[in-house]
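The values are calculated or read from the model by the stated rules, or taken from the named source; none is laboratory data. Given the structure is predicted, the values throughout are model-derived calculations rather than measurements. Quick reminder, even Gly has a Cβ in these numbers, built from the backbone with ideal geometry, and neighbours come from all protein chains shown. Areas reflect the complete protein model, heavy atoms only, side chains present, ligands, DNA and RNA absent. Shrake-Rupley method; radii C 1.70, N 1.55, O 1.52, S 1.80 Å.
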Amino acid sequence: MESIVKTNNHKEMKKTGESIACFFSLMIFLIFINSGCNKEDYSIRLVYPELATTAASGITSVSASSGGNITSEGGSDITARGICWGTAMNPSLIGSFTTDGSGSGQFTSTITGLLPGTLYHVRAYATNTQGTAYGLDVTFTTATN
């Protein structure tokens, strides 16, 4: 009869020990989750270049100049820069664009093949490893013949 009691006590102690171990494991997990971890620690920050579009100048009936000023590379090197243009607002690299080297700072582009007396939109762009950023949309109208 003593062996049965010991077996029952052993089973009860084993269950109690497992419950305590489970409880402490859960507590350690909860403490880890709440101790200094925040959402920002696990997020990936995409830092795009910062730039401005230069107003158009030297406007003729078929050409114009514009450009941009890249004031921040966004944490990685600028691999491409230039301007995009078109007759619709906010032109992008899907349409017409120039490629004017790399790096930050000011640059100027010449746009040719324009139509006389037409309203155009132009934006500077800059590309780094995170993606492409655009300056604000600037408009100009080509001269008439």
Problem - 9 Å beta-carbon shell around ASN90, net charge (K/R +1, D/E -1) - result: 0
Handout entry: Highest-first arrangement of 109-117, 122-130, 64-72, where packing means the average Cβ count within 10 Å
Key = 122-130, 64-72, 109-117
Fill in the blank from the handout: In nanometres, the difference between 0.36 nm per residue of separation and the alpha-carbon distance of SER63 and ASP77 is 2.0 nm
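Any idea of the accessible area per residue across region 54-126, 1.4 Å probe, to the nearest Å²?
Working: 3390 Å² over 73 residues.
Counting only protein heavy atoms, the per-residue value for region 54-126 is 46 Å².
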